[in-house]
Structures are given as structure tokens and as C-alpha cells.
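Any read-out appearing in this document is the output of simple, stated calculations on the displayed coordinates, not a laboratory observation. Just so we're clear, the structure is a prediction, and the values are computed from it rather than from any experiment. Positions of Cβ are backbone-derived with ideal geometry, glycine not excepted, and every protein chain shown enters the neighbour counts.
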Amino acid sequence: MSDTQPDLSSVIATGDGMFFIDQEQKITFWNKAAEGFLGYRSEEVIGKYCWELLQGCTLQGQVICRARGPIISQTTQGNRVRHFDLCVRHHDGHTILINLSTMALTNEKGGEPHGLLHLFYPLREQPTWSGMLRIYLLGPVQIQRADGSMVEGPLWNRVKVRALLTYLALQERQPVERETLLELLWPELDHDAALRNLNTTVYNLRRSLEPELASASNSHYVFYEGGQYWLGGAGLHWLDARAFEVGIRRARAESEIAHAVSTYKKALALYRGDYLADLSVTSLWSPGDQQRYQELYLSALEELGTIYEQQGLDKEAKETYLQAIASAPWRETAVRKLMRLLIQEGDKVGAIRQCQRLTAVLENDLGVKPSKETRLLCQELKCEP
């Protein structure tokens with residue numbers, strides 16, 4: 001037995017989830033029950049920081065699991081920590097509520113603890129928070145409060161306010177160093193000027209989210225402690241980009257046609273436009289992220305259109321392909337699918353028109369010629385691209 005790994009034989013048979021962290025907060029033991037409850041296999045977690053993995057927070061959004069957080073601080077000082085409820089991140093990405101008990105384990109002679117032993121079990125109730133936000137990032141950034149009202153006003157209309165909220169939301173309740181935010185949002189300013197801007201922006205964000213907020217310390221959303229900021233309850237907020245990806249993945253895996261169509265349509269309805277469309281002037285925006293979400297959207301539309309065709313629903317298929325083409329006129333695969341469908345229906349004129357429009361877009365806007373497959377299809381119509 002190593003000096004950093006205590007003998008856990010007396011509790012190894014427990015039905016509770018159990019894991020041990022050393023003095024650096026790295027996981028050194030993870031039992032089978034923990035695997036079953038949270039979905040992480042032992043080999044996936046050993047050696048990782050517990051706070052990075054679980055991202056635990058209270059139902060009120062207070063982040064508990066973080067580097068040198070309150071649990072390890074209390075036990076290091078010799079204080080006992082009562083069991084409590086904690087929202088943690090499951091392997092699949094969703095948040096579940098557990099009841100957690102913690103004890104410090106020391107060697108037989110006492111002294112410095114080896115680390116902390118955590119025992120937990122999932123609670124039947126699902127984690128809910130009355131302050132949950134609906135965060136929309138596909139298209140212009142929008143926030144809907146739990147009461148259905150939209151966050152708006154002159155403070156919210158400031159780009160850096162929306163950028164700050166977006167960045168904190170994307171960290172999924174991982175605290176962010178203040179210096180990281182300064183470099184991210186004001187890289188061109190000296191430290192003091194950037195810090196003043198950050199303080200003002202945080203104030204404006206808190207006021208935007210909670211217009212009736214009495215003081216910064218009472219914010220339910222934007223927390224600050226030890227030089228770090230985080231979005232309270234971030235694991236409990238609804239994020240359209242996450243729901244969009246999960247929805248498309250579920251639709252593709254659905255074997256029942258009606259359910260697949262319904263799941264595709266629900267997910268596709270979330271795509272309001274380019275990812276972070278109104279934050280393109282900030283360092284949060286990247287063409288890679290925008291293209292990834294756009295490609296997922298266009299591919300899903302084509303997949304849905306194909307399902308409609310297979311079901312003999314030509315009208316719905318055409319509308320779906322046209323929706324893809326309206327978003328990306330240069331999308332050759334969608335245009336070809338539409339052309340073939342029009343040819344089957346005997347609408348040769350309509351197919352030729354699509355060929356001509358595509359050719360013009362590719363040559364005039366992108367400076368390229370159609371692909372070989374597109375050219376062959378156009379030639380069948382006696383329409384040379």
C-alpha cells in the first residue's frame with residue numbers, strides 16, 4: 001500500500017458510489033458503483049482532477065467542486081463536512097443530483113491526511129433550478145429567463161456583455177480566471193484599463209440578467225471568488241447548441257421513422273442562423289465552429305429530405321431541400337437531390353433552373369466550377385454548366 005493510497009478494504013463493498021482523491025485533488029480510486037451511477041469507467045477518471053470531472057454545484061448554482069474548493073479547505077482545517085446534495089456532471093453530459101458524504105483519511109499516526117474519501121448515491125428527484133436560463137447561441141445570442149421574459153435593454157445590447165455571458169455559459173460552470181477574461185475580451189488594453197472594463201461589463205451583465213438586483217453579492221448567476229468568475233447553475237441551464245447536437249444524434253439513431261422525423265424537425269427548428277452570429281467581431285467567434293454547426297444543420301436537412309422521399313412524401317422532401325439551399329445556395333448535394341426529385345416528377349424545366357442557379361452561385365460567388373457529379377447531372381438535362 002502506497003503512502004498516498006490508504007487501505008479502503010473496509011468500505012470497498014459498499015453499494016454507494018465511492019471515490020478517493022489525494023492531496024492534489026486527483027482521483028486515485030473509483031469503485032464499480034460510481035461507474036454505474038455516473039457513467040465514467042475507472043480507467044477514464046484515475047489521475048484526473050475531481051473538480052474538472054464532476055463540476056459539482058449546488059441547486060442554487062454555487063460551484064463547490066473547484067481547485068482548493070470549500071470541501072478540501074474545510075477538511076484541511078480539521079473541520080467535519082456534513083453530507084449535502086450536489087449537482088454533478090454525468091458522463092453523458094447531463095446533470096444529476098447526488099447526496100455526498102466526505103471524510104478525511106489519515107495514516108495510523110495521524111497528521112496530514114492522505115486525502116478525501118467521498119461516498120455518494122443519486123437522489124430520485126431530478127435537479128431543477130427556478131432560475132434556469134434558456135441560452136440561444138445559434139444565431140444572434142439571446143437569453144430567456146425562467147419566467148419566459150427575454151433579456152434585453154441597452155446594457156444587454158453591448159457586445160462585450162453578450163460575449164462575457166456566452167463564454168461563461170460555454171465553460172459549463174468551470175470557473176474562469178479573471179486574467180483569462182481580460183486577455184480574451186480586451187487584449188489590446190493594458191491591465192488596469194482591461195480590469196476596469198471587466199468590472200463594468202460584469203456589473204452590466206448582472207443588471208441585464210437581474211434588473212431588480214439589490215447588490216452584486218446577491219447575484220444568482222455571475223459569481224466571483226478567489227480571482228475567478230463563473231456562471232451559477234451553468235450545468236442546469238438549457239443551451240440550444242447542446243440540444244441541437246444531441247437532437248440530431250438521437251434522430252440519426254432512431255429506428256422508428258415517425259420518431260426520427262419528429263426528432264429531426266425538433267432539432268432543426270433550433271437552428272436560427274450562424275453560430276454566434278452577432279459576436280463575429282469578438283475572439284469567441286471562429287469560422288471552424290460556425291462551419292461545424294452549419295454543416296450539421298445542412299446534413300440533417302438532407303437526411304430528413306431523404307426520409308421523406310423514401311416515404312413517398314415528395315412535397316415535404318422538396319421543401320426540406322429548398323430550406324437547405326436557401327441557407328447555402330452553393331450546397332451541391334442538396335441541389336442534386338432536388339434536381340433528381342424534380343426529374344422524377346417530370347419537371348425538367350425546374351431541374352434545369354436549379355442547375356443554372358447553382359452554376360451561377362459557384363462561379364460568381366466562389367469562383368469555382370460545379371463538381372463532376374453535378375456536371376454529369378446537368379448534362380443529362382442538356383444543360384451545360
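Observations on the model:
- Listed residue pairs exceeding 31 Å between alpha carbons, taken from Lys348/Lys369; Lys315/Lys372; Lys315/Lys382; Lys32/Lys266; Lys265/Lys348; Lys318/Lys372: Lys32/Lys266
- Cα lying deepest toward the dipole's positive end in the chain, options Val222, Thr102, Gly367, charges on Cβ: Gly367
- Dipole size of the chain about its Cα centre, with +1 on Lys/Arg Cβ and -1 on Asp/Glu Cβ: approximately 700 debye, rounded to the nearest 20.
- Near Asp92, once Lys and Arg are set to +1 and Asp and Glu to -1 for all other residues with Cβ below 15 Å from its Cβ, the sum equals +1.
- Theoretical gain in end-to-end length, Arg145 to Arg353 [0.36 nm per residue, Cα-Cα removed]: 70.3 nm
- Residue-by-residue Karplus 3J(HN,Hα) for region 260-275, coefficients 6.51, -1.76, 1.60, Hz, glycine and proline x: 4, 4, 4, 5, 4, 4, 5, 5, 5, 5, 6, 7, 8, x, 4, 4
- Total formal charge among the other residues, if their Cβ is under 12 angstrom from that of Thr333, Lys/Arg +1 and Asp/Glu -1: -1
- Shape descriptor for region 17-122: Rg over Rh equals 0.94 (Cα atoms; Rh from the Kirkwood inverse mean 1/r).
- Across region 331-385 the C-alpha pair distances fall into 10 Å bins from zero in the proportions 28, 60, 12, 0 percent.
- Lys, Arg +1 and Asp, Glu -1 on Cβ, resulting dipole of region 83-216 about Cα centre, debye, nearest 20: 340 debye
- Within a Gaussian network of the chain (alpha carbon springs, distance under 10 Å), most fluctuating of Ile27, Ile343, Ile72: Ile343
- Here the gap between Tyr203 and Ala258, fully extended at 0.36 nm per residue and compared with their Cα-Cα distance, gives a gain of 15.0 nm.
- Net length gained if the chain between Ser73 and Gln171 were fully extended (0.36 nm per residue, minus Cα distance): 32.9 nm
- Using bins of 10 Å that start at zero, the share of Cα-Cα pairs per bin across region 134-236 amounts to 15, 51, 31, 3, 0, in whole %.
- Long-range Cα-Cα pairs in the chain (distance over 38 Å), rounded percent: 38 percent
- With a cut-off of 11 Å between beta carbons, the residues surrounding Pro211 carry a summed charge of 0, where Lys and Arg count +1 and Asp and Glu -1.
- For region 314-385, relative contact order (Cα pairs under 8 Å, six or more residues apart, normalised by length) works out to 26 percent.
- Ranking Ser149, Ala169, Thr180 by Cα position along the charge dipole of the chain, where only Lys, Arg, Asp and Glu carry charges on their C-beta atoms, puts Ser149 farthest toward the positive end.
- Residue with peak Gaussian network fluctuation, the chain [Cα springs, cutoff 10 Å], from Lys348, Lys26, Lys160: Lys348
- Here region 314-385 is assigned +1 on the Cβ of each Lys and Arg and -1 on the Cβ of each Asp and Glu. Its dipole about the Cα centre then comes out at about 120 debye.
- Adding -39500 (n - 2.57) for every DSSP H run of four residues or longer, then dividing by how many residues the chain holds, sets the calculated 222 nm ellipticity at -13000 deg cm²/dmol.
- Entry note, the chain: relative contact order of 11 percent, from Cα contacts under 8 Å with a spacing of 6+ residues.
- Pairwise label distance in nanometres, Arg375 with His191, each label 7 Å out on the Cα-Cβ vector: 6.1 nm
- Region 364-381 and region 143-197 have their alpha-carbon centroids 45 Å apart.
- Simple label model, 7 Å out from Cα along Cβ direction - Val246 to Arg340, nm: 3.4 nm
- Dipole of the chain computed with +1 at Lys/Arg Cβ and -1 at Asp/Glu Cβ about the Cα centre; of Ile71, Leu304, Thr28, farthest Cα towards the positive end is Leu304.
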